[in-house]
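Down below is the structure, laid out as structure tokens.
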Amino acid sequence: MFGFGTLLYVTLLLLNAVAILNEERFLARIGWARNSAELYGDTESVKAKLINLISAVRTLMRIPLIAANVVVIVYALVLG
Amino acid sequence: MSHFQGQMGGHQQNPPMRGAFSPISAEQQQQFAYNQYASPQPQHAYPQPQAQQAYPQQPFVAQQGPLPGQSTPYGLFAQNLQSNPAAQMGMQFAGNAMNAMQENVQQNVERYVSMRQLKHYFDVSNIYVLSKLRALVFPWMQKSWHRYAERDQTGQVVGFKSPREDANSPDLYIPVMGLVSYVIVIGLIIGRLGVFRPEDLGYTASSALGVIVFEVLLIKMFCYLLNVGSELQFLDIVAFSGYKFVTTILVVLLKPWAPWWMTWSAFLYFGFALAFFMIRSLRHALIPESSSVTGVNVHRKRRIHFLFVIAMTQFLYIWILMQYKSSAVKP
């Protein structure tokens, strides 16, 4: 029910969701942009760390996510 | 291969070479003499010096000769090896190759998993295990939850004491044993209910591992967000996450055979016991005393909330682990 494979699928979907957040259309609107002024003073607050985390995920994981998605799609198509 | 047959009778006086690893004793000489009259040597026994796959068992097993009740096909090599300098060189080469391979593997593993740290977590004693189990089931009986710090020669704090010396230090032995026992207990229960299939063991193990991985990732992410640094190590989180198997086993054993109120009261009691255990154990790591706060922003209230959330989600995880399911279709 809650197996390891399910967990992998769920993390893949969540990482996809984080990776496709658009920087300027969405994050800037709600004040979570990467380069906004509030970050320069305070790098320790929860909000700053969350913004750093989101931008790091988006920067690092875009290309491996492409590969992982292709693998999962092929697996789902071929093996059902 | 004609030179093989000539060796049958000629070497009874020579003591068997044990690969230069251990001394010879009298009975091994006798067994070696017994070996001379065994069946003819297999022809692939001659180890080439350049053979990468030289049988590594030879230095350890062959020259003992077949002990009663134990059949060693390599026992027949004994006659060839000590008389053949190329064979001796081949065996030394095999020994060196094995050592080099072991070092290589160790270096590669060391990069991902620190073996020294792992050994620290498995350094347990019986008294430790018993006191830890008692602390999980009856946490109010535990007098002190303080963890002793390990100091090196100059008095600097370099970590925590190992579980052997400190009953409050987390270990990985109980979680590993708990995981395996949990899988076996679920298998037993499903078997008693009559619907066991072998792949259920795999599904259960995967499910349990999924719960652990999920919890560890969640806690690790919140530790990053709340600036909890080196006071809570990754393996510590894995260890604390694995302690729930002990209480889960106790509750899940009741589930098929006890009335529902007994199961649920046991669930509540053991859940609160585990929550209490987690709060008391993690308090030192997450919530520093006000005297030791340095320049970092501590977010004391948030950390208290975080600790509380960790403790309460243990209920959720135990409940998930109690939902075993068999893959068989009921007849």
Report task. Working only within region B:218-255, note down all residues that are more than 14 Å from every other protein chain (Cβ to nearest Cβ), over 30 Å from B:R192 (Cα atoms) and part of a helix (DSSP H, G or I). Result -> B:I219, B:F234, B:L235, B:D236, B:I237, B:V238, B:A239, B:F240
**Report entry** Flag if B:S162 is more than 27 Å from B:I127 (Cβ to Cβ) and either crowded, with 19+ Cβ neighbours inside 10 Å or without any contact (Cβ under 8 Å) to a residue 60 or more places away in the chain (or both)
**Finding:** no
Report summary line: Residue hits (region B:110-131; surrounded by 12 or more Cβ atoms within 10 Å (Cβ to Cβ), in a helix (DSSP H, G or I) and among the β-branched types (V, I, T)) are B:V129
Query - Enumeration of residues in region B:132-147 that are exposed (fewer than 14 other Cβ atoms within 10 Å of the Cβ) and assigned to a loop (DSSP other than H, G, I, E, B) - result: B:F138, B:K143, B:S144, B:H146
Requested in this report: Please indicate, with yes or no, whether at least one residue in region B:103-119 is touching a residue at least 24 places away in the same chain (Cβ under 8 Å) and closer than 27 Å to B:Q233 by Cβ.
Outcome: yes
Report summary line: Considering residues that are of a type in the set (A, V, I, L, M) and more than 24 Å from B:L232 (Cα to Cα), the number found within region B:88-129 is 9
Query - Set B:F245, B:F222: member being modelled with pLDDT of 90 or more and either under 24 Å from the mean Cα position of the chain (by Cα) or closer than 22 Å to B:A275 by Cβ (or both) - result: B:F245
**Report entry** Evaluation of A:N16 against (1) within 14 Å of chain B (Cβ to nearest Cβ); (2) at pLDDT 85 or above (one fails), failing number
**Finding:** (1)
Report task. Only residues that are among the aliphatic types (A, V, I, L, M), crowded, with 16+ Cβ neighbours inside 10 Å and within 11 Å of another protein chain (Cβ to nearest Cβ): list them for region B:198-217, please. Result -> B:A205, B:A208, B:L209, B:V211, B:I212, B:V213
**Report entry** Restricting region B:174-189 to residues that are more than 14 Å from every other protein chain (Cβ to nearest Cβ) and within 15 Å of B:K255 (Cα to Cα), the residue that is surrounded by the fewest Cβ atoms within 10 Å (Cβ to Cβ)
**Finding:** B:L188
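The values are calculated or read from the model by the stated rules, or taken from the named source; none is laboratory data. This is a predicted model, so every value here is computed, not measured. With ideal geometry, Cβ positions are generated from the backbone for all residues, glycine too; neighbour counts draw on all protein chains shown.
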